[in-house]
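See structure below.
Here, each number is a calculation from the coordinates, and none is a lab measurement. The shown structure was predicted, so the numbers you read here are calculated from the model rather than taken from an experiment. Virtual Cβ from ideal backbone geometry, glycine too; neighbours counted across all protein chains shown.
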Amino acid sequence: MQIKEAATSLKLSARILRHYEQVGLLKPSRDANGYRRYSPGDLRKAGRIRDMIATGFSTRGGGWLWRHA
């Protein structure tokens with residue numbers, strides 16, 4: 001699933017998904033043309049990250065917590 005579809009299904013913006021990747025929280029695979037591909041596992045993890053942020057967690061200094069989200 002590409003970023004636009006992933007963002008829509010998670011009710012997030014594509015910018016937020018790029019931010020998660022930039023800070024090391026997500027690592028979607030890339031197509032030969034460089035487009036991000038989100039697997040079902042990536043979507044589950046992004047959903048958990050979204051929910052944790054909604055309850056007050058910060059993406060700064062997440063360490064162990066974010067690696068195991």
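Listing for the model above:
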| quantity | calculated |
| --- | --- |
| Cα→Cβ-extended label distance, 7 Å offset, between Ala54 and Ser9, nm | 1.7 nm |
| Helical mean residue ellipticity (222 nm; -39500 (n - 2.57) per DSSP H run of 4+; nearest 500) of the chain | -15500 deg cm²/dmol |
| Surface/4 estimate of mean projected area, convex hull on alpha-carbon atoms of the chain, nm² | 4.3 nm² |
| For Arg37, residues with placed amide H under 5 Å, excluding near neighbours | Ser29, Arg30, Asp31 |
